[in-house]
Each structure stands twice: as structure tokens, then as C-alpha cells.
Amino acid sequence: MRLERNHYRFLTAPAATAYAGQAYRYVPVVLFPTNDFTLTVDDGPPGLTVIQEGTALNTTNVVVWTVPSDALGHRVLLRAVPNLGADTTADDTVLQEFFLNVSAPSKQLPQPTAITRAIPTPQGFGLSWVGSAAGYQVQSATNLLAPSAWQGITPTLPAEAVNFSVDTNSSPDHAFYRILNLP
């Protein structure tokens, strides 16, 4: 009896835009019996490659590209094959195809900073946000009428940081929060 494996598939969608002069990174997740699979680039722009991160028992396939300043958009075709040993068949191969657009940073519209989640936590108060500043600082105030009401509660966080902060110094019931964009 032959095991039907046509349910294998990519579970993630790649970012469809790369930015000239910046690094592109995509960590695909594939539905296989294990996370152990070989990923190759069958078609893509020059320099787009797959690297493995992690240790021997827990590696992750990562698609990376240092986008040249004169790069153009390109079709990308990824091939994933599970490492199942002798049980691997041609039917186990999974393909992901997409078009990777390239945009220059000067053509990007700045995105306003917006708090997307504010929740109390056992340690204090958590905030999540989105925006396009190069750096952020979470600030709080307990009195909006005071001249210097806003106090930084985090250092400047880079745009790549996980946008979450915990304030253990003031009660969430009596504080105001904002995200300050920093250059």
C-alpha cells in the first residue's frame, strides 16, 4: 500500500517586495512529517540563496538576498524536499512560486505609527505597534497636563525589534502610553 503524500505544502507566504540596498529574508515553513527538509532556489534573481541557521538537530532553512541597488523584480521558484531517507519519493517535492518585486527606499511611503494591541500582563503592561520609523521608544505618562509628562520606559528599539514592552513602574489603570518615532 502506497502512502498518499500530496498534502505536503508551504504554510507561509513570502514577503512580495524586497528593497534595493537592503537585506531580504524569508523563513519558509513547510508541512512535512518533520521540519527536516532540503530547500533550493530553482529560479530567482542572482544572489538569492538558501542558508541554514541553527544547530545540527534544529536547523532552519532561510532564503536570503542582499538586494543590489539596481536590482529588478524577478520570478522565484523554491523547491522543498523532505529528508525522509529511503521513503522520499518524487511526489514529496513541494514547489512555491512567486514574483519578488524590488522597490527603492525612496519610493516607500512612510507608515504612521499605530498601537495595535495594549494588554495588561502579570509583569505590567504590554504594547504592540506597527510603523515605518527607523527606531522607536515606548513612553508613558501619568499626568498629561505636566510640562514634561512623557518619560521613556524603553531604550530606543530598532525597527526590526519585536514591538513589545512591559512597564513595571506604573499601574496600567493610571498611565498613558505612546510610541515615539526616532530617526
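Here are the numbers:
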quantity: Subset of the range 35-52 [at pLDDT below 85 and not polar (S, T, N, Q)]; calculated: 36, 37
quantity: Check on residue 82, touching a helix residue (DSSP H, G or I) at 6+ places or on another chain (Cβ under 6 Å) and modelled with pLDDT of 75 or more; calculated: yes
quantity: Single residue of the range 129-158 satisfying the filter (part of a loop (DSSP other than H, G, I, E, B) and among the aliphatic types (A, V, I, L, M)) that is surrounded by the fewest Cβ atoms within 10 Å (Cβ to Cβ); calculated: 145
quantity: Qualifying residue in the range 22-34 (condition: in contact with a helix residue (DSSP H, G or I) (Cβ under 8 Å, 6 or more places away or on another chain), under 21 Å from residue 8 (Cβ atoms), surrounded by fewer than 18 Cβ atoms within 10 Å (Cβ to Cβ) and modelled with pLDDT under 90); calculated: no
quantity: Count of the range 35-48 residues which are outside any loop (DSSP other than H, G, I, E, B) and open to solvent by 60 Å² or more (accessible area, probe 1.4 Å); calculated: 2
quantity: Counted residues, the range 95-122 - those being β-branched (Val, Ile, Thr) and at pLDDT 90 or above; calculated: 1
quantity: Failed item in (1) assigned to a strand (DSSP E or B); (2) modelled with pLDDT under 80; (3) open to solvent by 30 Å² or more (accessible area, probe 1.4 Å), with residue 126 passing the rest; calculated: (3)
quantity: Members of the range 18-33 that are more than 12 Å from residue 65 (Cα to Cα) and over 12 Å from the mean Cα position of the chain (by Cα); calculated: 29, 30, 31, 32, 33
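The values are calculated or read from the model by the stated rules, or taken from the named source; none is laboratory data. Remember, predicted model here, so these are calculated numbers, not experimental data. So basically every Cβ, Gly included, is an ideal-geometry build from the backbone, and we count neighbours across all protein chains shown. The accessibility values were calculated without ligands, DNA or RNA, using every heavy atom of the protein model including side chains. Shrake-Rupley method; radii C 1.70, N 1.55, O 1.52, S 1.80 Å.
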